[in-house]
1. Just to be sure before I move on: is THR154 polar (S, T, N, Q) and either open to solvent by less than 10 Å² (accessible area, probe 1.4 Å) or on the phi > 0 side of the Ramachandran plot (or both) in the structure I sent?
2. If TYR141 meets every condition in (1) within 21 Å of ARG49 (Cα to Cα); (2) at pLDDT below 90; (3) open to solvent by less than 30 Å² (accessible area, probe 1.4 Å) apart from one, which number is that one?
3. When region 167-198 is examined, which residues are found to be part of a helix (DSSP H, G or I) and closer than 22 Å to VAL65 by Cα?
Amino acid sequence: MNDGGPEESGGAVGLPSRRRQPTPMSQWNPTARLSYWAFHSNRRPAYMRFAYLQLGSDADAEDAVDATFDSIMHEWLRMLHMDRLDAYAWTVLKQRIVDWQQRRDPRLRRPEPMDISAFEAALKEVHPDQYEVLTDTIRFYQAVARLAERQRDTVVLRYGLHCSPGEAAAVMGVDEATVRSQLGQAHRRLARLLDAAPES
């Protein structure tokens, strides 16, 4: 990971700019350095688990998350002035995951939202009494992949990573009420999708 951060500047909040020359972390004040490493320690475990569910590979997940924190480090001094720092960081993570999906398959215009290959491969390994449960799990993940992006994120965090609604809200940088609303919409959509799916 590069040891650097952004210049403090105003303007619209967007994804990290590669044109801006970052301020080296050695020139940050102690509070900024401590706050960055506290954020890194707090968010990295959830980011890693989320990236793994999207990419299906420990190595790809680690690369995507490392790239995320490189970008966040470069922007950190500017991020400290944002009202929704966590939301910005979440946007960076999602973009880096897309970058890795497209790197693996440049033909993807709209990368797959979730890699279920691990579940599909596991079908070859299961005992007969586990087959039905695993098949239902794959159907569930296929249905989740058809949700709107925000709904999909909340479902993955809530049920895939076992975050509470409050924890999911903190990771995504949104209000807990927003997470609960998205979960409710996702539940209704999933119920329709799974009800319409062919019986196993």
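The values are calculated or read from the model by the stated rules, or taken from the named source; none is laboratory data. Fair warning: this is a prediction, and the values are worked out from it, not measured in the lab. Protein only, heavy atoms only, side chains kept; ligands, DNA and RNA dropped before computing areas. Shrake-Rupley method; radii C 1.70, N 1.55, O 1.52, S 1.80 Å.
1. On the way: polar (S, T, N, Q): yes; either open to solvent by less than 10 Å² (accessible area, probe 1.4 Å) or on the phi > 0 side of the Ramachandran plot (or both): yes.
Spelling it out, THR154 is indeed polar (S, T, N, Q) and either open to solvent by less than 10 Å² (accessible area, probe 1.4 Å) or on the phi > 0 side of the Ramachandran plot (or both).
2. (3)
3. Of region 167-198, the ones part of a helix (DSSP H, G or I) are 167-172, 176-196.
Within region 167-198, GLU167, ALA168, ALA169, ALA170, VAL171, MET172 qualify.
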